[in-house]
Amino acid sequence: MKAMKPETFDLTVTSPPYDNLRTYEGSLQWNEEIWKQVLEQLYRVTKQGGVVVWVVGDATVKGSETGTSFKQALYAKEVGFNLHDTMIYEKAQACFGSNKCYLQSFEFMFVFSKASPKVINHIRDRHNVRGGVSESTVSTGVKPDGSTGGRKNRTADVYGKRKNIWKYGVGGGKSKHPAVFPEALASDHIKSWSNKGDLVFDPFMGSGTTGKMAIQLNRRFVGVEKVYDYYAIAKERIMKNDIPNQMSLELT
């Protein structure tokens with residue numbers, strides 16, 4: 001990212017390494033010094049009004065969760081990001097954890113923004129129990145004749161914007177990558193925080209889920225991956241969804 005131009009990307013959707021839970025083919029060098037540099041550079045390459053979605057969890061060491069997720073969110077604020085939303089990715093399947101704790105079934109999805117987000121396309125799929133019902137409500141403000149108050153009729157929307165806890169089945173399938181997140185997770189964030197033609201970034205591309213969904217949704221995409229085998233998986237997945245002659249893939 002240090003070689004990239006400032007304010008390049010409209011949206012980043014990424015999932016960095018979780019403490020030292022995986023080694024990623026022995027390639028992993030990950031500690032506080034590194035993730036601080038990553039967040040600093042993400043702030044630099046994000047456009048004004050751009051968003052970074054940071055999907056992350058914590059390891060448990062000697063009976064205590066590391067709290068690295070919170071440290072990263074607070075440091076993102078230090079470098080200049082707003083913590084626009086703290087969201088939860090709830091896993092549909094039962095998950096493992098310590099026998100002394102409840103089953104661990106979620107990860108954080110921190111939504112960082114560089115100033116106020118320029119794009120907010122809330123997904124509206126939460127069924128409204130009063131949807132379609134005509135209601136009489138008190139109107140506010142001053143009318144042209146100077147009077148206030150009064151009542152007006154409105155019909156409640158059938159669907160409201162969803163809550164900030166999103167539930168998905170755990171990704172993976174037949175991929176050789178050990179930590180594939182759900183395609184729907186990437187898709188929903190891309191829809192929420194970008195428009196068609198915007199440039200989406202993933203600095204930990206892995207098997208290419210963010211790239212695949214970005215291309216499907218008519219966004220442009222840039223991804224970085226240091227493990228060649230994972231890059232090959234990502235390239236194949238993304239190329240299957242690419243419009244011919246409108247995208248180039250380069251290994252650097």
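What to note about this one:
- Beta carbons closer than 6 Å, at least 6 apart along the sequence or on distinct chains, pair a first residue in the stretch 37-56 that is over 19 Å from Pro17 (Cβ atoms) and modelled with pLDDT of 95 or more with a second that is polar (S, T, N, Q) and assigned to a strand (DSSP E or B) for Val51/Ser113.
- First in the stretch 231-252 and in a helix (DSSP H, G or I) and modelled with pLDDT of 50 or more, second anywhere and among the charged types (D, E, K, R) and crowded, with 18+ Cβ neighbours inside 10 Å, Cβ under 7 Å, 6 or more apart: Tyr231/Glu225; Ala234/Glu225; Arg237/Lys212; Ile238/Lys212
- Residue that is surrounded by the most Cβ atoms within 10 Å (Cβ to Cβ), among those in the stretch 103-130 that are touching a residue at least 40 places away in the same chain (Cβ under 8 Å) and aliphatic (A, V, I, L, M): Met109
- Residue count for the stretch 75-103 satisfying the condition of being under 22 Å from Thr14 (Cα atoms), at pLDDT below 85 and not hydrophobic (A, V, I, L, M, F, W, C): 1.
- Among the residues here, Phe70 does not qualify as surrounded by fewer than 17 Cβ atoms within 10 Å (Cβ to Cβ), at pLDDT below 95, over 20 Å from Ile190 (Cβ atoms) and not basic (Lys, Arg).
The values are calculated or read from the model by the stated rules, or taken from the named source; none is laboratory data. What you see is a predicted model; the values in this text were computed from it and never measured. Cβ sites come from the backbone with ideal geometry, for glycine too, and all protein chains shown count toward neighbours.
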